Structures are given as C-alpha cells and as structure tokens.
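Heads up: the structure comes next, in structure tokens.
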Amino acid sequence: AQASWPHGNPVSQPIAQPGSAMDSNAPKLAKVEKVLGRTGSRGGVIQVRVQFMYETSPELAGRSLIRNVKGPIREGDILAL
C-alpha cells in the first residue's frame, strides 16, 4: 500500500526562487552608511546606520535603520539582516 501525504507528494513541492514572493524570509542586504559609536556596558557593541540595498529588497530600498553590531565593522560594509 502507498502512503498518502496530506499535501501531495513532498518531492513535487515548488522550490522558492531567490527574490520571489515565497522567499520573504531571505536575508535583506544593507550597506553601512555611518558608524555612530560604541554602546553596551563595556563598549562591545557598535551602533551603525544602514541603508537597504535595492538588489535584495526593492520594497525597502532607500530606507535606513540604526542597528547594533557586535564585532569589527566599518563604513561600506554589507550586513545581512
């Protein structure tokens, strides 16, 4: 007897292509515009202003955020958020 899968054959499920609507959990790339300074009780975290890149998220392109980064970072670096 064959096993029946509740949602069809698992092998035939569609695979999300990069940049497609199904790939909404993909990391968004953002470029570091400015290093704002150190924070945290011991200064182990660096605050940076990042701007989203058009290539990975056209809907967020141009938006900027302030993020905390642990580890070495400098202007021009790319973060995956």
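The values are calculated or read from the model by the stated rules, or taken from the named source; none is laboratory data. Model, not experiment: these values are computed from the prediction. Glycine also receives a Cβ, built like all others from the backbone with ideal geometry; neighbour counts cover every protein chain displayed. To get the accessible areas, we keep the full protein, side chains included, count just its heavy atoms, and leave off ligands, DNA and RNA. Shrake-Rupley method; radii C 1.70, N 1.55, O 1.52, S 1.80 Å.
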Given the conditions (1) assigned to a strand (DSSP E or B); (2) among the small types (Gly, Ala, Ser); (3) surrounded by 12 or more Cβ atoms within 10 Å (Cβ to Cβ), and given that residue 57 satisfies all but one, which numbered condition is not satisfied? (1)
Qualifying residues in the stretch 25-36 (those that are open to solvent by 80 Å² or more (accessible area, probe 1.4 Å) and modelled with pLDDT under 90) - the one nearest to the chain's Cα centre (by Cα): 27
Residues being within 20 Å of residue 26 (Cα to Cα), open to solvent by less than 60 Å² (accessible area, probe 1.4 Å) and in a loop (DSSP other than H, G, I, E, B): count how many of those fall in the stretch 60-80. 4
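Among the residues of the stretch 1-24, how many are in a loop (DSSP other than H, G, I, E, B) and either among the β-branched types (Val, Ile, Thr) or modelled with pLDDT of 80 or more (or both)?
Here is the first cut: in the stretch 1-24, the residues in a loop (DSSP other than H, G, I, E, B) are 1-5, 7, 9, 13-20, 24.
Restricting the remaining residues to those that are either among the β-branched types (Val, Ile, Thr) or modelled with pLDDT of 80 or more (or both) gives 15.
Of the residues in that region, 1 qualify.
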